[in-house]
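Read through the structure below, which is laid out as structure tokens, and then see the notes.
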Amino acid sequence: MLALPADVDGVPAGLLIGYGAFLLLAAADGARRGLRATLGISASFRRLALPLAVVLLAVPAGGSLAYGAARDEAKEQALLDRLTAADTQVKSADGLAFAKAEPIYRKALDEYQDLGTKHPGSRAGKLVPERLDAYYKTVSAPYENETYCEAIAPLKHLRGLSDSFDKDLLGARPAKADEPLAHSLYECGTSALGVDTATPSAEESLNELLGTFPKSSHATRVEPAVRAAIKTRTTALDSGTEPCDTATELRTLRTSLKNMTDSSLEGATREAVKAAQRGDFACGTGQFKEKDFENAIKTMTAYAKDYPDSPQAAHARSIAIAAEIAEEEPAAGKSLPPSKDPGGARMVLVVSNDGPGEVEVLYTGPTTGKVTLKTCTTCTKYPGPVLSNGKKIKACTGPASKYPKATLLLPAGDYHFLQKRGASGTSISDTKTSKVKIEPGYSYTNCLYVTSAF
């Protein structure tokens, strides 16, 4: 009654010693009584004494054996309970982000390893290989679900278990993660091509694929996939659909490829550089056509700065100038300025500055450009468009050498001008637009001056 039910730790030693002492005393008392007793029974009945004694001795001996078996079963059940608890931990981590799930997985693995190495002959220990198969299946579930970016971390965990887990228990399981990991790195990396916010980035996944599995079938697919990504976006540029979004993707692609070190991608990197340059120009022209002149100025100014050797750098500067004029005079943005100046005769237009403050003169028409006139140090503001005596202002009437000037050679046609004067005190306007028609066979002058506000 004191010993049952059997548990893993068995019966306390003091209880066993006391029970042994009790049995010895009972035996001694029985011997004393038997030796002194006068038997009044028949000889045939006395023959039962020895078998009966054996039975009485067999009861505690058999009980001891039965208790040992019960204790062994208790040990087995305790190990099975530990196995079940580890299984529960694995299931509890299912569906969690791997960063949160990994510590839980590690605890379960420690339990599996302890059962498999310290109790290999137990029922629980014999079930560990089966549990490891189930563990690999559970942890690699993102790969089976084709969520390849999510699968990378768990597959790397499975592949690296041989560094921390008993190799005999693992067997060939870690190597089975190689193919899924290579596949996941390829799918995740190629899906991130051109995506600036991708986590992990394209270069992180593809660099790892090419560095860790250079001879895999997936590594050989990287270069064609990159070229296809570039081609898809350059084709989108040709269609004119969302050129700025496409340009952003091409710039991201270019950055990714520049951060990749595999020599097989050198040709694709050059393609991406050219495509990104083309995308930037297409973005700027698209913005101009959509009348988004503010952003067209930024894009084309940056293009001319980033690609000074480009054949389109001069055209980009012309578009930026035309967009700046169009911000003040929308008619100037009716169409893109031509990429090449027209041939034929040129007419002279002399622009003079009869006023304080430096002046930047921008023009667009058959040709586009800008000049800067220095400040006229001896010039002052005129009192108003009409003097007090009713006469109109006669600007630029002094000697020609007095005024800073620039000479423009312009093909015939209609032009939009924008003058932007620097700080010159109070004036009616620091920015002014005008239209000029240049006709063949004529020369022109344009005098810029400042009037005081009324």
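A few remarks follow.
- For region 318-377, convex hull volume per residue from C-alpha positions, Å³: 96 Å³
- For region 105-204, the calculated P(r) over all alpha carbon pairs, in 10 Å bins from 0 to the bin holding the longest distance, is 15, 42, 25, 13, 5, 1 percent.
- Region 231-354 - Rg and Dmax from Cα coordinates, angstrom: 17.2, 63
- Rg to Rh quotient for region 195-234, alpha carbon positions, Kirkwood Rh: 1.01
- Between LEU15 and LYS118, full extension at 0.36 nm per residue minus the direct alpha carbon distance yields a gain of 34.1 nm.
- Per the Kirkwood formula applied to alpha carbons, the chain shows a radius of gyration over Rh ratio, Rg over Rh, of 1.48.
- One decimal place: the segment ALA61-ALA74 gains 2.7 nm when fully extended, by the rule 0.36 nm per residue minus the C-alpha distance.
- Pairwise inverse Cα distances across region 40-185, averaged and inverted, put the Kirkwood hydrodynamic radius at 18.4 Å.
- Counting only alpha carbon atoms, the long axis of helix 123-139 and the longest principal axis of the chain meet at about 10°.
- Förster radius 60 Å - calculated FRET efficiency between SER339 and ASP81, Cβ distance, rounded to 0.05: 0.15
- Projecting label points 7 angstrom from Cα along Cα→Cβ for LYS107 and TYR444 puts them 8.4 nm apart.
- With both labels modelled 7 Å from their Cα along Cα-to-Cβ, the ARG36 to THR241 distance reads 11.5 nm.
- In region 314-400, lysine pairs closer than 18 Å at Cα, eight or more apart or cross-chain: 4
- Relative contact order of the chain, defined on C-alpha pairs under 8 angstrom at six or more residues apart (%): 8 percent
- From the alpha carbon centroid of region 80-114 to that of region 182-231 is 32 Å.
- Just the protein heavy atoms count here, and of the accessible area of the chain at 1.4 Å, carbon and sulfur take up 56 percent.
- Taking every protein chain into account, the accessible area of region 49-200 amounts to 55 square angstrom per residue (probe 1.4 Å).
- Label-point separation, ALA331 to GLU146 (7 Å along Cα→Cβ), nm: 5.9 nm
- Cross-link reach list, aspartates and glutamates versus LYS420, counting only Cα pairs under 20 Å and skipping chain neighbours closer than eight places: GLU294, GLU324, GLU327, GLU328, GLU329, ASP354, GLU358, GLU360, ASP430
- Å² of accessible area per residue within region 229-383, as computed with a 1.4 Å probe and no ligands counted: 49 Å²
- Centroid-to-centroid, using Cα positions, region 15-32 and region 232-310 are 99 Å apart.
The values are calculated or read from the model by the stated rules, or taken from the named source; none is laboratory data. A quick note: this is a predicted structure, and the numbers were derived from the prediction, not measured. FYI the Cβ positions are ideal-geometry reconstructions off the backbone, even for glycines, and counts take in every protein chain you see. Only protein heavy atoms, including side chains, enter the accessible area calculation; ligands, DNA and RNA are left aside. Shrake-Rupley method; radii C 1.70, N 1.55, O 1.52, S 1.80 Å.
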